[in-house]
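K.L.:
Attaching a single structure in structure tokens format; questions to follow.
Bear in mind that the values in this text are calculations on the coordinates, not laboratory data. Source: prediction; values computed, not measured. As a convention, Cβ positions derive from the backbone with ideal geometry for all residues, glycine included, and neighbour counts pool all protein chains shown.
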Amino acid sequence: MKKILCFGDSNTYGYIPSSGKRYDKSTRWTGILSDISGFEIIEAGCNNRTGFVDNPAGIMQTGYKILPELLHSQLDVVILSIGINDLQIFYNQSMDDIKFGLENLIQITRAKSPQAHIIIAAPPQLNDNIFNGHFCTMFDRGSIAKSILISGVYKNIAREQNCHFIDLNEIATVSEKDGLHFTAEGHRKIADAFWETLQKL
């Protein structure tokens with residue numbers, strides 16, 4: 001049975017934009033992917049996890065520090081679906097910082113899981129609804145602008161590093177509730193897209 005590590009932030013965890021709770025396994029994309037694929041899906045999403053910078057919440061929320069602990073040589077696929085929290089005002093990350101950060105995650109993955117296919121998932125684009133929800137003080141218009149550019153950065157890196165690429169923005173849009181997290185319908189579409197890619201590996 002193939003082993004798939006799904007590494008990401010709250011949209012991988014299954015954060016519900018209307019309540020702040022977690023979608024059940026049959027609703028979040030990682031759980032749906034498990035059902036439709038029959039593969040061993042390792043759910044490794046975490047709320048407020050950054051990918052590339054030190055998170056004051058600790059190691060679990062700091063992507064590049066916790067990722068090595070989740071990787072091993074028996075993984076067949078590693079999905080990296082992370083990066084939107086690095087655009088929070090507090091971290092002041094440039095697009096070059098994002099580029100170098102993603103490249104670092106790829107290097108970490110290949111060092112610990114050299115046989116694994118890597119799928120890079122560009123995070124969702126933020127919109128003005130972010131200012132109406134609980135996360136209004138964490139992001140600004142600069143964050144929105146960067147979130148629009150990040151897909152292109154991820155796509156280029158995936159091509160350069162010989163990784164597979166999925167742009168979540170072409171599959172689903174974020175909820176109007178908070179401008180950051182996916183609806184249940186979006187999770188279904190995302191699971192289907194990952195399954196389509198996995199069948200080609």
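K.L.:
Put +1 on the Cβ of every Lys and Arg and -1 on every Asp and Glu Cβ in the range 3-198; which of Gly14, Met95, His164 then has its Cα farthest towards the positive end of the dipole?
P.N.:
Checking the options against the dipole of the range 3-198, the answer is Gly14.
K.L.:
Can you sort Cys136, Cys6, Cys163, Cys46 so the residue with the fewest Cβ neighbours within 10 Å comes first?
P.N.:
Cys136, Cys163, Cys46, Cys6
K.L.:
Now for a separate question. Treat every Asp and Glu Cβ in the range 1-149 as -1 and every Lys and Arg Cβ as +1, leave all other atoms uncharged, and give the resulting dipole magnitude about the Cα centre to the nearest 20 debye.
P.N.:
For this selection, approximately 200 debye.
K.L.:
How large is the helix-only mean residue ellipticity at 222 nm for the chain, computed as the sum of -39500 (n - 2.57) over DSSP H runs with n ≥ 4, divided by its residue count, in deg cm²/dmol to the nearest 500?
P.N.:
-11500 deg cm²/dmol
K.L.:
Rounded, prolate or oblate for the chain? Axes are the square roots of the Cα gyration tensor eigenvalues, ordered a ≥ b ≥ c, and the cut-off for rounded is a/c under 1.5.
P.N.:
Oblate shape, in that a/c is at least 1.5 and b/c is the bigger or equal ratio.
K.L.:
Pick out, in residue order, every one of the trypsin sites (Lys or Arg not before Pro) in the range 16-86 that is DSSP loop and has at most 15 other C-beta atoms within 10 Å; say none if there are none.
P.N.:
Loop-located and lightly packed - Lys21, Lys25.
K.L.:
Let me ask something else. How large is the Kirkwood hydrodynamic radius of the range 1-102, counting all unique pairs of alpha carbons, in Å?
P.N.:
The Cα-based Kirkwood calculation yields 14.3 Å.
K.L.:
Now, a different point. DSSP loop GluC sites (Glu not before Pro) in the range 102-201 with at most 16 other Cβ atoms within 10 Å of their Cβ, which ones?
P.N.:
The qualifying sites are Glu176.
K.L.:
Lysine pairs in the range 3-198 with alpha-carbon atoms under 20 Å apart, 8 or more places apart or on different chains: how many are there?
P.N.:
Final tally of qualifying lysine pairs is 11.
K.L.:
Please list, in chain and number order, the residues 5+ apart from Ala122 or on another chain whose amide H is under 5 Å from its amide H, with Hs placed from the backbone.
P.N.:
Correct list: Ile166, Asp167, Leu168.
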